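So the structure is just underneath, and the comments pick up after that.
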Amino acid sequence: MNRVKGKCALITGASSGIGEASANTLASKGCDLILTARREERLEALAQKLREKYNAKVDIYPVDVRINESVEQLLENVKSAKTIPDFLINNAGLALGLENVQEGFIHKWDTMIDTNLKGLLYVTRAFLPFMIQKGEGHIINIGSTAGWQTYPRGNVYNATKFGVRALSDAMSLDLVDTDIKVSCVAPGNCETDFSLVRFEGDKDRAARVYARYKALEAKDVADAILYILNTPSHVNIPYLRIMPKAQRNVYVFKR
Ligand code: NDP
Ligand code: 8X3
C-alpha cells in the first residue's frame, strides 16, 4: 500500500546526498515536495528533473536553517502556497573537521551546533503547530551512528547527533496527545558529499572514508525513510539505525 501518495513532504538539505535521494524516492511514489537548502540552483535542477520524470509537484525555497528569519520566511511562503507538509524531514546537517577538542575551531563548532541542532529546532518550531492542525503527520530527524557512539575527534559533531537523538525522544513525548509521529533515522557511513564538506574539499581524504568497502548509498537511507513514512497510522518507529554490512559500529569495519 502506498500511504505517501498525495501527501506533502518538506525536506531540509535537499540539494545533495540523503535529502536529494529522499526527494527522488518520495516523488517516485507520488508525494508532493517542498525542497529547501542554501544552493538554489541545485534545488532548481532537482525540481525540474522530478517534474519531468514523475510529474511531481515540487516547490523549492532557498533557506539557511541556521537563521531563524530565513526559516520564518519559508513558513510564510509555504503558508501562502497553501502547502503545509504532512511530513517534515529534518536532514540538513554537516560535520566540520576532525580535531581534538583542545585544538578545536570555535567557528566550526558554532556552524555544527547552529545547523544540526538549532536549525532542526527552528524548522520544527515553525512548522509543527500547522502540522498538528492539519492532522496526522510525521517528523523524521536524521541522526547518525555518531549519536550512539562517540569516536576520537568527533566531539562536537557527536554531541550534535546525540542531541538530535535526545530531541527526537523529547518531541515524541511532547506530541503524545497529537497525531504526529517522530522517528530518528541514524545512518552509518553513507557516500555523499558529507566527508568532502567535513574535510573542506579535500577529495582524497574524503574518498578514504569510503575506501575498500561498500558504503551505504543515499538511496538506501531514502528507502528506509520511505518505509517509515509508509507504515500504517498506528505503527511508530522511534529509531531506525542503518549501516553498511561492512560496518558494525563507528570503529569496526571489514575493509
Ligand atoms: P551532504 O553534504 O550531501 O548534504 C547535506 C545537506 O545539508 C545539503 O543539501 C546542504 O545544502 C544542507 N545544509 C547544510 N547546511 C545547511 C544550512 N545551513 N541550511 C540549509 N541546508 C543546509 O551530506 P549528507 O546527505 O550525507 O547529510 C545529510 C544528513 O545526514 C546530515 O544531517 C548528516 O549529519 C547526516 N548523516 C550523514 C551520514 C553520512 O555518512 N553521509 C551518516 C549519518 C548521518 P546546502 O549546502 O545547499 O545548503
Ligand atoms: C556521519 C557518520 O561516523 O562519520 O554521521 O560520524 S560518522
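Here segment 124-255 yields Rg over Rh of 1.02, to two decimals, using C-alpha coordinates and the Kirkwood radius.
Where Lys and Arg each count +1 and Asp and Glu each count -1, what net charge lies around Glu136 among other residues with Cβ under 13 Å from its Cβ? Overall, the nearby charge balance is +2. Ranked by the mean number of other Cβ atoms within 10 Å per residue, highest first, peptides 215-225, 149-159 order as 215-225, 149-159. Stretched out straight at 0.36 nm per residue, the stretch from Asn68 to Ile132 would grow longer than its current Cα-Cα span by 21.0 nm. All other residues whose Cβ lies under 14 angstrom from that of Val164 are scored, Lys and Arg at +1 and Asp and Glu at -1, for a net of +2. The GNM of the chain, with springs linking C-alpha atoms under 10 angstrom apart, assigns the highest mean-square fluctuation among Val209, Val185, Val78 to Val209. Sequence-distant contacts, meaning Cα pairs under 8 Å at least 6 residues apart, place the relative contact order of the chain at 20 percent.
Rounded to the nearest 5, the antiparallel percentage of DSSP beta bridges internal to the chain is 5%. Taken along its principal axes, the alpha carbon cloud of segment 1-58 reaches lengths of 34, 20, 15 Å, longest axis first.
Normalised size of segment 105-198, defined as Cα radius of gyration per 2.2 N^0.38 Å with N residues, equals 1.17. Among the lysines of segment 1-81, pairs at least eight places apart or on separate chains and with Cα atoms under 15 Å apart come to 8. Working from the Cα coordinates of segment 60-120, the gyration tensor eigenvalues give, after taking √(5λ), semi-axes of 30, 11, 7 Å in decreasing order.
Run a plain Debye calculation on segment 30-147 (Cα atoms as equal point scatterers, no solvent) and give log10 I(q)/I(0) at q = 0.13, 0.16 Å⁻¹, rounded to two decimals, same order as the q list. Evaluating at q = 0.13, 0.16 Å⁻¹ gives log10 I(q)/I(0) of -0.58, -0.84.
Annotation for Asp223 and Asp114: the two label points, set 7 Å from Cα along the Cα-Cβ direction, are 3.7 nm apart.
What's the FRET efficiency of Asn55 with Arg153 using the Cβ-Cβ distance as r and R₀ = 35 Å, to the nearest 0.05? Once the sixth-power term is evaluated, E becomes 0.15. Computed over the alpha-carbon atoms, the chain gives an Rg to Rh ratio of 0.95, Rh here being the Kirkwood radius from the mean inverse distance. What does the net charge come to around Thr192 if you take all other residues with beta carbon closer than 9 Å to its beta carbon, with K and R at +1 and D and E at -1? For residues surrounding Thr192, the net value is -4.
Between Arg255 and Asp202, the simple spin-label model (points 7 angstrom out along Cα→Cβ) gives 1.4 nm.
Values quoted throughout were computed directly from the atomic coordinates according to the rules given, and no laboratory measurement underlies them. Keep in mind that what you see is a predicted model, and the values were worked out from it rather than measured. Here Cβ is always computed from backbone atoms with ideal geometry, including for glycine, and neighbour counts include all displayed protein chains.
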